[in-house]
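Following: one structure in structure tokens, then a few remarks.
The values are calculated or read from the model by the stated rules, or taken from the named source; none is laboratory data. Bear in mind that the values here come from a model prediction, so they are computed numbers and not experimental data. Note that each Cβ is placed from the backbone with ideal geometry, even for glycine, and that neighbours are counted across all protein chains shown.
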């Protein structure tokens, strides 16, 4: 993406810069030093989205229901739930209009996506129980990996030869990215797996989920190496530091915790969010962490000290995902407001708002080359677009 002019530092009412990091900026009003405080959720579980993804996040909590209701629910589920494979007439297709590539291959919400390291392919995971691999330029379908349960996370190995996926079946599957052959199943979790990420050197995988743990394990043998259990609720997001020495994990306990990836030693706790942390992304230069929440904010902070640097409140609704540009200058954030917003990480200035989706945007990822962004969500499409021209 073309480099934008440097933002002016936000100033207080007395005209003094705020702190020694990037300025706090309210991209909605355009005024500096304004923090947007989100109230409780108007419907659904308190403080949680009343969307398909929000329901999936919250459904693990115990709720006592009458027997007649459970029987009725079972009958409705058996008669209306989708099958594990799409209808015969729903072969994957792709369209390209005005420079936007739209992939139509899934028949349920898309929960996660990942670019191949060389930027030529995309893997998209869905509640239709598949991961689909396709050409990132033409949209040509290449491979479908079938699972027995909803898939909630997907990650490509750094060498591009393997893909890891996790789901509500509590498992992480590792499979060959070219053939779809299953290579390994990791069964260390006791509840839904929410996040999966490869270590930068490709030797380890970290996975996290509703059991409140982050588990680091050998990517070849499946041997558990570290179990991090300091969160007090489910873990929805995680990210490795670029050097592979640390992991940041975000939780519904409203914290992001940074810890040693080898020993599990807790290094710092970031406590500035006041609702579930839905996404965590480490800047490619290793200096910053961006965390998103259903408190409608994205916060940027120092990865070494945990010092708060910037609050982005450009979305009027929950923020589901964040992704850094490869040069660490920009952030793309996806929201239940049906948009993806691209903004400067140094000051929070909104550069563009992408409105191509017709429903909640659940996931977003910047291409390795930095010239494209892929986004997906409840409208069952993946859209690939140029962040410099939209």
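In the list 159, 169, 210, which residue meets the criterion of being at pLDDT 95 or above and closer than 18 Å to residue 130 by Cβ?
Details: 159 fails: closer than 18 Å to residue 130 by Cβ; 210 fails: closer than 18 Å to residue 130 by Cβ.
Just one listed residue meets the conditions, 169.
Can you name the residue in the range 318-340 that is outside any loop (DSSP other than H, G, I, E, B) and in contact (Cβ under 8 Å) with a residue 60 or more places away in the chain and, of all such residues, is farthest from residue 152 (Cα to Cα)? Walk me through it before giving the result.
Initial filter on the range 318-340 (outside any loop (DSSP other than H, G, I, E, B)): 319-324, 330-335, 340.
With the extra rule that they be in contact (Cβ under 8 Å) with a residue 60 or more places away in the chain, the set shrinks to 320, 330.
On the way: 320: 13, 330: 26 Å.
Ranking the qualifying residues of the range 318-340, first place goes to 330.
Could you list, in sequence order, all residues of the range 377-389 that are in contact with a strand residue (DSSP E or B) (Cβ under 7 Å, 6 or more places away or on another chain) and outside any strand (DSSP E or B)?
Passing the criteria: 378, 380, 381, 387.
Is one or more of the residues making up the range 154-163 touching a residue at least 60 places away in the same chain (Cβ under 8 Å) and surrounded by fewer than 17 Cβ atoms within 10 Å (Cβ to Cβ)?
No, the range 154-163 has no match at all.
Would you mind telling me which numbered condition in (1) assigned to a loop (DSSP other than H, G, I, E, B); (2) modelled with pLDDT of 95 or more residue 87 fails?
It fails just one condition, (2).
Working carefully through the options 323, 346, 283, 293, find the one that is crowded, with 20+ Cβ neighbours inside 10 Å, within 15 Å of the chain's Cα centre (by Cα) and over 21 Å from residue 205 (Cα atoms).
Sole residue among the options that is crowded, with 20+ Cβ neighbours inside 10 Å, within 15 Å of the chain's Cα centre (by Cα) and over 21 Å from residue 205 (Cα atoms): 293.
Specify which of the listed residues (253, 201, 243, 210) is surrounded by 19 or more Cβ atoms within 10 Å (Cβ to Cβ) and in contact (Cβ under 8 Å) with a residue 40 or more places away in the chain.
210
Taking the condition of being out of contact with any helix residue (DSSP H, G or I) (no Cβ under 8 Å at 6 or more places or on another chain) and assigned to a loop (DSSP other than H, G, I, E, B), how many residues in the range 149-186 meet it?
Residues in the range 149-186 being out of contact with any helix residue (DSSP H, G or I) (no Cβ under 8 Å at 6 or more places or on another chain) and assigned to a loop (DSSP other than H, G, I, E, B): 14 in total.
Could you give every pair whose Cβ atoms fall below 8 Å, whose first residue belongs to the range 78-104 and is at positive phi and surrounded by fewer than 12 Cβ atoms within 10 Å (Cβ to Cβ), and whose second residue is at pLDDT 95 or above and in a loop (DSSP other than H, G, I, E, B), counting only separations of at least 6 or pairs across chains?
99/386
Among the residues that make up the range 297-317, is at least one of them under 19 Å from residue 236 (Cα atoms), touching a helix residue (DSSP H, G or I) at 6+ places or on another chain (Cβ under 9 Å) and part of a loop (DSSP other than H, G, I, E, B)?
Checked against the condition, which is being under 19 Å from residue 236 (Cα atoms), touching a helix residue (DSSP H, G or I) at 6+ places or on another chain (Cβ under 9 Å) and part of a loop (DSSP other than H, G, I, E, B), the range 297-317 yields no hits at all.
Is it true that some residue in the range 366-376 is over 27 Å from residue 159 (Cβ atoms), in contact (Cβ under 8 Å) with a residue 12 or more places away in the chain and either in contact with a strand residue (DSSP E or B) (Cβ under 7 Å, 6 or more places away or on another chain) or outside any loop (DSSP other than H, G, I, E, B) (or both)? Break it down into steps so the answer makes sense when it comes.
Restricting attention to the range 366-376, the residues satisfying the condition of being over 27 Å from residue 159 (Cβ atoms) are none.
No; the residues of the range 366-376 include none that is over 27 Å from residue 159 (Cβ atoms), in contact (Cβ under 8 Å) with a residue 12 or more places away in the chain and either in contact with a strand residue (DSSP E or B) (Cβ under 7 Å, 6 or more places away or on another chain) or outside any loop (DSSP other than H, G, I, E, B) (or both).
Can you tell me which residue among 216, 196 is out of contact with any helix residue (DSSP H, G or I) (no Cβ under 8 Å at 6 or more places or on another chain), surrounded by 16 or more Cβ atoms within 10 Å (Cβ to Cβ) and over 22 Å from residue 326 (Cα atoms)? Don't jump to the end; show me each part of the working.
Details: 196 fails: over 22 Å from residue 326 (Cα atoms).
Among 216, 196, only 216 is out of contact with any helix residue (DSSP H, G or I) (no Cβ under 8 Å at 6 or more places or on another chain), surrounded by 16 or more Cβ atoms within 10 Å (Cβ to Cβ) and over 22 Å from residue 326 (Cα atoms).
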